[in-house]
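Here the structure comes first, spelled out in structure tokens, and everything after it is commentary.
The values are calculated or read from the model by the stated rules, or taken from the named source; none is laboratory data. Since the structure is predicted, the reported quantities are computational estimates derived from the model, not experimental observations. Positions of Cβ are generated from backbone atoms using ideal geometry, with glycine treated the same way; all protein chains shown enter the neighbour counts. Only protein heavy atoms, including side chains, enter the accessible area calculation; ligands, DNA and RNA are left aside. Shrake-Rupley method; radii C 1.70, N 1.55, O 1.52, S 1.80 Å.
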Amino acid sequence: MLLKRSRGWEINQNKVTDENLFLNRRNFIKSIAAGAVLAPGFSMMAAPVKAAKIIPSADPNTSLYPASRNRSYTVERAMSDEYDATTYNNFYEFGSHKSIYRAAEALETRPWTLAIDGLVEKKQVLDFDALVHKMPLEERVYRHRCVEAWSMVIPWIGIPLANIIEKLEPNSKAKYVAFETVYRPSEMPGQRKRILKWPYIEALTMAEAMNPLTLIAVGLYGQDLLNQSGAPMRLVVPWKYGFKSIKSINKIHFQESQPKTSWNMSASNEYGFYANVNPEVDHPRWSQSRERRIGNGFFGAKQPTLMFNGYQDEVAHLYQGMNLKKYF
Ligand code: MTE
């Protein structure tokens, strides 16, 4: 008898939060960022959701959300709470701690342009809203694993990067694609400090960029992206450590040589170019064999790290024959 073998990320539907449930939470989280409801450190558990002040979204694309879920892309672990995913963030442009969600409100996300240059048929500057109206959006539930050994499960809304790249027509010399975060020290206080060499830059090989898993996210939990999550558009590469998933992108550059990327430039022995999730390659300062799930408490049980974050079947072929200890 032939048995269907489920892929690492295939569904256990009853663990995935219903869309209607998380839609109501959004306005609550926005109101916290605006200082309307809670004092810092106050737990959401104690707060009445109905009492939240409703702040209308600044996103002109709200009619595009929620997008229908692509049920081929979900995971066996329970989805993280939206509150955790949008109040525990890494976005060094707003501070080198996790509570940057209030500071991130300062970023002006409209109008927003995306410059396309390098080895492409046509160098151009696209308007984000025009782009997002042209491309069908879908929801995908992905594992999200930070190099700091914490993890979440997040329902992203986005566009497969391959669909965007096909329209941009890079030429055959393009071997890599680099992404840049907007450089606005006046709105991003972290960029006024030498935490990293700004702007934040990340990159993928063309094969990684064209992999069906790679997403340009423009939303999460049924709505548009909040600033702290990388509004209005960010990369999501679920088999790699989170630092590859660059936020608030305003430039895409196609090139022949391997781009210099922010964390790799800052500490190349700690943050490799590839940054594939790998339980067998420890960070020089900590183990990567287990991960702490955000929402389980600091002392909550850790879970084993999965090779390629559970996406082995989809991406292992990209690295065939490569020494993953050397190309980490
Ligand atoms: N993008 C920019 N521009 N700046 C950043 O500091 N941090 C990265 C990545 N993208 C970062 C960024 C890191 S280290 C992680 S783990 C993820 O964003 C965190 O995404 P999240 O806050 O949505 O969980």
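Keeping to the stretch 284-300, report how many residues are closer than 28 Å to Y83 by Cα and either touching a residue at least 12 places away in the same chain (Cβ under 8 Å) or not in a loop (DSSP other than H, G, I, E, B) (or both). Full working, then the answer.
Initial filter on the stretch 284-300 (closer than 28 Å to Y83 by Cα): 286-300.
Then drop every residue that is not either touching a residue at least 12 places away in the same chain (Cβ under 8 Å) or not in a loop (DSSP other than H, G, I, E, B) (or both), which leaves 286-295.
Of the residues in that region, 10 qualify.
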Scanning the stretch 257-307 for residues that are more than 16 Å from the ligand (Cβ to nearest atom) and among the hydrophobic types (A, V, I, L, M, F, W, C) gives V281, F298, F299, A301, L306, M307
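Please indicate, with yes or no, whether at least one residue in the stretch 142-152 is farther than 30 Å from G300 by Cα, modelled with pLDDT of 95 or more and touching a Leu at 6+ places or on another chain (Cβ under 8 Å). Talk me through it step by step, then tell me what you get.
The first filter runs over the stretch 142-152 and keeps only residues farther than 30 Å from G300 by Cα, leaving none.
No: the stretch 142-152 contains no residue that is farther than 30 Å from G300 by Cα, modelled with pLDDT of 95 or more and touching a Leu at 6+ places or on another chain (Cβ under 8 Å).
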Looking at E202, E256, which is the one that is touching a strand residue (DSSP E or B) at 6+ places or on another chain (Cβ under 9 Å), among the acidic types (D, E) and farther than 20 Å from H144 by Cβ?
E256
Consider R234 against the criteria (1) surrounded by 21 or more Cβ atoms within 10 Å (Cβ to Cβ); (2) in contact with a strand residue (DSSP E or B) (Cβ under 7 Å, 6 or more places away or on another chain); (3) touching a residue at least 40 places away in the same chain (Cβ under 8 Å): it satisfies all of them except one. Which criterion is unmet?
(3)
Just one listed residue, out of F328, F254, is of a type in the set (F, W, Y) and either farther than 30 Å from S72 by Cβ or open to solvent by 10 Å² or more (accessible area, probe 1.4 Å) (or both), and it is F328
Within the stretch 124-218, which strands (runs of 3 or more DSSP E) (wholly inside it) include 2 or more residues that are within 12 Å of the ligand (Cβ to nearest atom) and open to solvent by less than 40 Å² (accessible area, probe 1.4 Å)?
138-145, 150-160, 176-181, 201-205
Against the definition (closer than 21 Å to I154 by Cβ, hydrophobic (A, V, I, L, M, F, W, C) and surrounded by 15 or more Cβ atoms within 10 Å (Cβ to Cβ)), how does A301 come out, yes or no?
no
Which of the residues spanning the stretch 245-256 are within 13 Å of the ligand (Cβ to nearest atom) and touching a helix residue (DSSP H, G or I) at 6+ places or on another chain (Cβ under 9 Å)?
I246, K247, S248, N250
